[in-house]
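> Please read through the structure below; I'll follow up with questions.
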Amino acid sequence: MSSESRRPLVAVAALGGTISMVPGDGEDHAVPRLTAADLLGELGENLEMDVHAETLAGISSASMDFATLVKTLDWAARAVAEGAEGVVVVQGTDTLEETAYFFELTWAFEAPIVITGAMRNPSLPSADGPANLLAALTVAADPRSRGRGSLVAFNDDVHAGRWVRKAHSSHVEAFSSNPAGPLALVSEGLVHYFHPVAARPPALSLVDADFSGLVPIVESGVEDTGELLETLIKAGVKGVVLAANGGGHVSAGTADVIERALPGLPIVVAGRTGAGPTFRGTYGFRGSESDLIAMGVTMAGWLDPRKSRLLLHTLLATGASRERVEAEFRLRGDLT
Ligand code: GLU
């Protein structure tokens with residue numbers, strides 16, 4: 001960097017997770033303790049950027065909720081409005097993919113928002129938190145990250161929030177973007193993007209959003225009678241995502257329950273395999289994709305059940321109609 005160039009400003013929000021967890025004196029198990037300032041302190045004083053850091057929460061990511069996500073989104077938006085070139089969000093890895101997808105849906109800025117965490121807490125040998133945080137800061141400060149939306153920097157890979165999933169419970173290479181693959185590699189302090197910036201669907205507005213109410217995922221499988229789905233519908237849900245078999249198939253019993261619930265209830269059918277799109281017109285048996293589409297369900301396309309739940313809940317929180325739900329899933333779930 002030339003002596004005249006201004007150092008980039010990156011805003012860092014810490015929300016908790018393994019990266020911030022250590023056992024207390026005489027304790028065996030790690031719990032959230034470290035602040036954003038503690039995490040940055042581990043990186044030393046040689047960062048090639050200015051950093052504004054705040055601790056917004058100290059939770060395990062299993063307790064992540066929409067209130068915390070919206071608070072973090074608002075904080076990040078303010079940071080960018082006040083001059084930050086990029087934002088880093090540090091949290092637990094267990095639900096990190098959902099945070100990344102929520103920001104992918106709602107982040108309206110050219111500046112990147114980069115999420116990271118750690119698999120090994122700071123008290124363990126070869127803890128990965130500092131390297132992941134440094135990579136996330138590097139990605140957030142890089143002008144070539146602009147326009148790429150929500151990114152995950154982890155184990156030197158950079159993943160798109162659109163595709164990333166936690167794919168291992170303990171490896172430091174815990175995240176995967178299969179089948180799309182990572183967007184970039186961080187090496188020797190540089191971000192190597194593999195592709196130019198791609199167009200992204202417009203950000204969803206959260207004005208007057210109300211996230212109250214349940215939008216569960218119901219998984220299909222052996223002995224799927226439809227009773228669980230019917231019980232949930234009777235209990236009063238806002239919408240349902242089915243983690244359906246294969247390309248979007250449910251049992252005949254569940255198909256009967258879906259037919260009775262439509263058109264009143266938004267029902268999204270996603271695939272439970274973890275890869276591959278839902279189908280549109282291959283099979284015709286009771287509960288097949290074409291049977292369910294004829295009833296009026298929305299197919300999730302390439303979106304997995306977790307991402308589908310984030311999208312459906314966010315759309316319903318903003319009062320989206322069934323037609324809008326269908327249009328948004330076609331836009332965000334299909335590659336076309
Ligand atoms: N393995 C998780 C993590 O990496 C546990 C804690 C959490 O998700 O908050 O952070």
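The values are calculated or read from the model by the stated rules, or taken from the named source; none is laboratory data. Just so we're clear, the structure is a prediction, and the values are computed from it rather than from any experiment. Here Cβ is always computed from backbone atoms with ideal geometry, including for glycine, and neighbour counts include all displayed protein chains. These accessible areas exclude ligands, DNA and RNA; they are computed on the full protein's heavy atoms, side chains included. Shrake-Rupley method; radii C 1.70, N 1.55, O 1.52, S 1.80 Å.
> When the chain is modelled as a GNM with alpha-carbon springs shorter than 10 Å, which of Thr282, Thr318, Thr106 fluctuates the most?
Thr282
> Could you compute the FRET efficiency for Arg78 and Glu259, with r as their C-beta to C-beta distance and R0 at 51 Å, rounded to 0.05?
Working: r = 47 Å, r/R0 = 0.92.
After rounding to 0.05, the efficiency reads 0.65.
> Now for a separate question. Pairs of lysines 8 or more apart, or on different chains, with alpha carbons under 23 Å: count those in the chain, would you?
Values: Lys71/Lys238; Lys71/Lys307; Lys166/Lys307; Lys238/Lys307.
Value for the chain: 4.
> 7 Å from Cα along Cα→Cβ at both Thr282 and Asp25: what's the point-to-point distance in nm?
Roughly 6.2 nm, to one decimal.
> Per residue of region 44-57, in order, report the coupling 6.51 cos²θ - 1.76 cosθ + 1.60 (Karplus, θ = phi - 60°) as ³J(HN,Hα) in whole Hz, putting x for Gly and Pro.
Values, residue by residue: x, 10, 9, 5, 8, 7, 8, 10, 10, 10, 9, 9, 9, 7 Hz.
> Compute the acute angle (0 to 90°) between the alpha-carbon long axis of helix 305-317 and the principal axis of greatest extent of the alpha-carbon atoms of the chain; round to the nearest 10°.
Orientation of helix 305-317: about 90 degrees from the principal axis.
> Hey, another quick one. State the extension gain, in nm to one decimal, for the chain segment bounded by Val70 and Phe194, taking 0.36 nm per residue of separation less the distance between their alpha-carbons. Could the numbers behind the result be given before it?
Working: separation 124, 0.36 × 124 = 44.64 nm, distance 3.09 nm.
Stretched fully, the Val70-Phe194 segment lengthens by 41.5 nm.
> Any idea what the alpha-carbon Rg over 2.2 N^0.38 Å comes to for the chain?
Values: Rg = 20.9 Å, N = 336, 2.2 N^0.38 = 20.1 Å.
Taking the Cα Rg and dividing by 2.2 N^0.38 Å, one obtains 1.04.
> Given H placed on each backbone N at 1.01 Å, which residues far from Arg33 in sequence or on other chains put an amide H within less than 5 Å of it?
Amide H neighbours of Arg33, under 5 Å, 5+ apart: Met21, Val22.
> Expressed as a whole number of Å, what is the distance separating the alpha-carbon centroids of region 4-28 and region 191-257?
33 Å
> Which chymotrypsin sites (Phe, Trp or Tyr not before Pro) does region 180-224 hold that lie in a coil by DSSP with at most 14 other beta carbons within 10 Å?
Working: sites: Tyr193, Phe194, Phe211; in loops: Phe194, Phe211.
Hits after loop and neighbour filter: Phe194.
> Full extension from Glu48 to Ser187: what is 0.36 nm times the residue separation minus their Cα-Cα distance, to one decimal in nm?
On the way: separation 139, 0.36 × 139 = 50.04 nm, distance 1.54 nm.
Gain on stretching Glu48 to Ser187: 48.5 nm.
> What GluC sites (Glu not before Pro) does region 221-305 have in DSSP loop regions with at most 10 other beta carbons within 10 Å? Please report the intermediate quantities before stating the final value.
Values: sites: Glu223, Glu227, Glu230, Glu259, Glu289; in loops: Glu223.
Sparse-neighbourhood loop GluC sites (Glu not before Pro): Glu223.
> A further question follows. Against the longest principal axis of the chain, how steep is helix 66-81, in degrees 0 to 90 to the nearest 10, with axes from Cα atoms?
The two axes meet at around 50 degrees.
> Now a separate question. Mind giving me the nanometre distance, one decimal, between the label points for Arg322 and Asp334, set 7 Å out from Cα along Cα→Cβ?
Between Arg322 and Asp334, the simple spin-label model gives 1.9 nm.
> Can I ask one more? At 1.4 Å probe radius, can you tell me the per residue accessible area of the chain in Å²? Write out the running numbers ahead of the final one.
Details: 15040 Å² over 336 residues.
Per-residue accessible area for the chain comes out at 45 Å².
> Please report, as a whole percent, how much of the solvent-accessible surface of the chain comes from carbon and sulfur atoms (probe radius 1.4 Å).
Using a 1.4 Å probe with all protein chains present, the chain comes out at 52 percent carbon and sulfur.
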